[in-house]
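Input: a single structure, listed below in C-alpha cells.
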Amino acid sequence: MALTQEQLLQLRGRLQDRGTELRDIIQRELNDAGHDSLAGQVHDTGEGALADQLVGLDVAIAEIDTQELMDTRAALDRLEEGRYGICIGCGVEIGFARLESQPAAARCIDCQKRFEAERGAETPRL
C-alpha cells in the first residue's frame, strides 16, 4: 500500500527536522573538537595518548553524524523525485512502520539484512 500524502508530509517534516538537528550537532562537534589546544596542556606520554584518543573519537562521531546527514539528504531527494519509500535493493514498497522508525531508510528490512550480512556490518545502517 502506497504512502498517503499525510504520511509523506509527516516523514518529510521528520527528515527536515533531523537534517537541521544533525547540521547543528556537526557544527558543535567541529567547534568542540578544538583539541589542538589540548596539545599545549599535555605533560606526559599518557596524557598525549589520551589527547590523541579524544581527537580520534571526535572524528569518528562526526563521521557517523555526517553519514546520517547524507542519508537524510538522500531520502529527501528520493522524496522530491517520487522514489521515496521504494527499496533501492528490490523495488518493493518500504512499509510505513519502518519509515516511521527510520525515515531515511533506503531498503526494506530484508534487503537491509542482506546488505549488512554481505558487508559484515555489526551496527545497523539505514
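The values are calculated or read from the model by the stated rules, or taken from the named source; none is laboratory data. These numbers were taken from a predicted model, which means no experiment stands behind them. Positions of Cβ are backbone-derived with ideal geometry, glycine not excepted, and every protein chain shown enters the neighbour counts.
Entry remark, the range 113-126: residues being over 15 Å from the mean Cα position of the chain (by Cα) and either surrounded by 12 or more Cβ atoms within 10 Å (Cβ to Cβ) or modelled with pLDDT of 95 or more (or both) number 4 in total. Note on the range 88-102: residues that are without any contact (Cβ under 8 Å) to a residue 24 or more places away in the chain, surrounded by 14 or more Cβ atoms within 10 Å (Cβ to Cβ) and not charged (D, E, K, R) amount to 3.
Just to verify a result, which residue in the range 58-86, among those that are small (G, A, S) and touching a helix residue (DSSP H, G or I) at 6+ places or on another chain (Cβ under 8 Å), is modelled with the lowest pLDDT? Lay out the reasoning, then the answer.
Step one: of the range 58-86, the residues small (G, A, S) are 60, 62, 74-75, 82, 85.
Subsequent filtering for residues that are touching a helix residue (DSSP H, G or I) at 6+ places or on another chain (Cβ under 8 Å) retains 62, 75, 85.
Numbers: A62: 79, A75: 98, G85: 97.
Per the criteria, the residue is A62.
When you look at I26, is it within 18 Å of Q102 (Cβ to Cβ), of a type in the set (V, I, T) and at pLDDT 55 or above, yes or no? No, not satisfied. Among the residues of the range 103-112, those that are under 19 Å from D77 (Cβ atoms) and either touching a residue at least 60 places away in the same chain (Cβ under 8 Å) or loosely packed, with under 14 Cβ neighbours inside 10 Å (or both) comprise P103, A104.
If you scan the range 69-87, which residues turn out to be among the hydrophobic types (A, V, I, L, M, F, W, C), without any contact (Cβ under 8 Å) to a residue 12 or more places away in the chain and under 28 Å from D24 (Cβ atoms)?
Result: M70, single match.
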